[in-house]
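Reading through the structure tokens given below for one structure.
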Amino acid sequence: MVLLQAAIWYVGGAGETESLRAWQQRMLWVIGINVVIAGSYTLFPKRER
């Protein structure tokens, strides 16, 4: 996310940043899914046999 944002700032307003912003949105989805999965393991740990 930081590297994508740095690339957007580097390209600036005059450049084509739509594809970079689309990748940012995809990465936010991936981060969100990972947070949900990690949270589910924290709230509902596996039971020992």
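The values are calculated or read from the model by the stated rules, or taken from the named source; none is laboratory data. Computed from a prediction, not measured in an experiment: that's the story for all the values here. Cβ coordinates were reconstructed from backbone atoms using ideal geometry, including for glycine residues, and neighbour counts include every protein chain displayed. The area values use the complete protein model at the heavy-atom level, side chains included, leaving out ligands, DNA and RNA. Shrake-Rupley method; radii C 1.70, N 1.55, O 1.52, S 1.80 Å.
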Members of the range 32-49 found to be in a helix (DSSP H, G or I), open to solvent by less than 90 Å² (accessible area, probe 1.4 Å), farther than 19 Å from residue 1 by Cα and not hydroxyl-bearing (Ser, Thr, Tyr), listed by number | 37, 38, 39
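Can you tell me which residues in the range 16-26 are open to solvent by less than 70 Å² (accessible area, probe 1.4 Å) and in contact with a helix residue (DSSP H, G or I) (Cβ under 7 Å, 6 or more places away or on another chain)?
Step one: filter the range 16-26 for residues open to solvent by less than 70 Å² (accessible area, probe 1.4 Å), giving 17, 20, 22, 24.
Within the range 16-26, 17, 20, 24 qualify.
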Of the residues in the range 1-15, those that are in a loop (DSSP other than H, G, I, E, B) and either at pLDDT 95 or above or surrounded by 10 or more Cβ atoms within 10 Å (Cβ to Cβ) (or both) come to 1, 15
